[in-house]
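S.K.: The structure's right below; bear with me while I get my questions together.
The values are calculated or read from the model by the stated rules, or taken from the named source; none is laboratory data. Note that the coordinates shown come from a computational prediction; the quantities given were computed from them, not determined experimentally. Note that each Cβ is placed from the backbone with ideal geometry, even for glycine, and that neighbours are counted across all protein chains shown. Heads up: the accessible areas ignore ligands, DNA and RNA and are worked out on the full protein's heavy atoms, side chains in. Shrake-Rupley method; radii C 1.70, N 1.55, O 1.52, S 1.80 Å.
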Amino acid sequence: MDQAVRGEPDPRRSVPSTAVLLDDPLLRAAIARLGRAMVKKTVQSVQQAVRQGNVKPQDVVGAVLAALPGQASGLRPVHNATGVIVHTNLGRAPLSRAAVEAVAAASGCTDVELDLDSGRRARRGRSALSALRHAVPGAQAVHVVNNGAAALTLAATALAAGREILLSRGEFVEIGDGFRIHELLTATGARIREVGTTNRTRLSDYAAAVGPQTAFILKIHPSNFVVRGFTAEAGLPELASLGLPVVADIGSGLLAPEPLLPDELDVSTALSEGAGLVIASGDKLLGGPQAGLIFGTEAEVDRLRRHPLARALRVDKLTLAALEATLTGPEPPVRQALRLPLAELEERSERLAASLRSHGIDAQVVAADAVVGGGGAPGTALPSCAVALPPDFAGALRTGTPPVIGRVLHGRLLLDLRCVPEPGDTHILEAVLRAAGA
Ligand SMILES: *Cc1c(COP(=O)(O)O)cnc(C)c1O
């Protein structure tokens, strides 16, 4: 109104029309990348800003481009500076570049179920399955489903529906977000027979519980808690001596022993100790895509693979591609983060802290503990270090673009670079400088 009174054009009258804007070459390119609905929605909110006098009519296209998201999905890339290597809230394992390229290559039409030589149908994902079997020579057969929970569901359904699974009372585990493994198992129609006590379960407890209804013994590796004190448990070799099938849910997805994590059970060891089936996740310490990996004897894996439910749990071509590249390609980021020498991390942290101090930001390098996280090795701290900042940075960095996630400890924001691939150090420097300027 004031502007109209002063004789200036009313911005509300000069709002460019939606049709004209959507036909702008720059916005047409954005539509090709992000879809019409997304661009149209952004155009409408910028038009609203023009009506309110917050954007000049001639700046509309630039404002729309600035407001559009970087990609068509709402999932935003973030920097994991938490020091938690497998962070459930941040999507667990980040894929290696080789896995990302394999996913891109498989994303169009691909020969996932076709033998190009013969022109006949071929076993779905055969090269990924063969890579998995070669990675674990002790496994007669392998199968891949959607995630660890799906693998447990399939094992319980195919081997124990209407029958009993023996499970130690010390292994009634909640894996996160309220999900409990024993409830998942009973949802399949199997019954759980509780064995022993919370802190002590002996072989004799299992032996006493075996009956005609017993389908298998389940051993769940504690991947997110530790029990200390007056404890006892029956190991896999002892359980195998009872002559019943033993299923080991190891969680972490280590295929072979990892010297840095001596308490973490791996697939090869579990098989050699007598487990008939071993179940693990693909996106924990293996560092691959979300998947449920199943290893075992030909007969048992085949019963799972042939069960009708297997079709509902099968993985897509993108998972198969990423899994194979994780197994055959260079060391994935999870393993790099696990093995990163402390001296290298200290050097990178000192460099980042010095750059920040040169801009007047209160930054020091402090000792910190990194952890494996949701994927395993509970109670194991990895000596690490972090750049400590005033705590106010936490919110500004988390809501910045790209978001940087650290953790607040004792009144300081800690940025641990262990899980940040080195080129990310510059992005973190820039993000902190932006946050300081805001
Ligand atoms: C993580 C985990 C699961 C569940 O695996 P998802 O891949 O998350 O479905 C099951 N059991 C154990 C011991 C685990 O650590």
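S.K.: State the number of residues belonging to the range 31-82 that are in contact with a Lys or Arg (Cβ under 8 Å, 6 or more places away or on another chain) and either among the polar types (S, T, N, Q) or open to solvent by 80 Å² or more (accessible area, probe 1.4 Å) (or both).
M.R.: Summing the residues that are in contact with a Lys or Arg (Cβ under 8 Å, 6 or more places away or on another chain) and either among the polar types (S, T, N, Q) or open to solvent by 80 Å² or more (accessible area, probe 1.4 Å) (or both) in the range 31-82 gives 2.
S.K.: Please go through the range 199-232 and give me each residue that is under 28 Å from residue 262 (Cβ atoms) and among the aliphatic types (A, V, I, L, M), ordered by number.
M.R.: 203, 217, 218, 220, 226, 227, 232 - these are the residues of the range 199-232 that are under 28 Å from residue 262 (Cβ atoms) and among the aliphatic types (A, V, I, L, M).
S.K.: Answer with yes or no whether residue 374 is within 26 Å of the chain's Cα centre (by Cα), within 16 Å of the ligand (Cβ to nearest atom) and crowded, with 19+ Cβ neighbours inside 10 Å.
M.R.: Against the criterion (within 26 Å of the chain's Cα centre (by Cα), within 16 Å of the ligand (Cβ to nearest atom) and crowded, with 19+ Cβ neighbours inside 10 Å), residue 374 qualifies.
S.K.: Can you pull out the strands (runs of 3 or more DSSP E) entirely within the range 190-292 that have at least 3 residues that are within 16 Å of the ligand (Cβ to nearest atom) and either in contact with a strand residue (DSSP E or B) (Cβ under 9 Å, 6 or more places away or on another chain) or open to solvent by 60 Å² or more (accessible area, probe 1.4 Å) (or both)?
M.R.: Per the criteria, 214-220, 246-251, 277-281.
S.K.: Within the range 351-366, is even one residue open to solvent by less than 20 Å² (accessible area, probe 1.4 Å) and within 16 Å of the ligand (Cβ to nearest atom)?
M.R.: no
S.K.: Let me ask you something else. Within the range 153-181, which residues are within 14 Å of the ligand (Cβ to nearest atom), open to solvent by 10 Å² or more (accessible area, probe 1.4 Å) and within 30 Å of residue 127 (Cβ to Cβ)?
M.R.: Within the range 153-181, just 153 meets the criteria.
S.K.: A follow-up question, please. Of the residues in the range 161-178, how many are of a type in the set (Gly, Ala, Ser) and closer than 15 Å to residue 200 by Cβ?
M.R.: Of the residues in that region, 2 qualify.
S.K.: If I ask for residues that are of a type in the set (Val, Ile, Thr) and open to solvent by less than 60 Å² (accessible area, probe 1.4 Å), which ones from the range 314-350 would you list?
M.R.: Selection gives 315, 319, 326, 334.
S.K.: Check residue 183 against each of (1) touching a residue at least 12 places away in the same chain (Cβ under 8 Å); (2) of a type outside the set (Phe, Trp, Tyr); (3) outside any strand (DSSP E or B); (4) out of contact with any Lys or Arg (no Cβ under 8 Å at 6 or more places or on another chain) and name the one condition it does not meet.
M.R.: The single condition residue 183 does not satisfy is (1).
S.K.: Counting only residues that are touching a strand residue (DSSP E or B) at 6+ places or on another chain (Cβ under 9 Å) and outside any helix (DSSP H, G or I), how many does the range 319-356 have?
M.R.: The number of residues fulfilling the criteria is 1.
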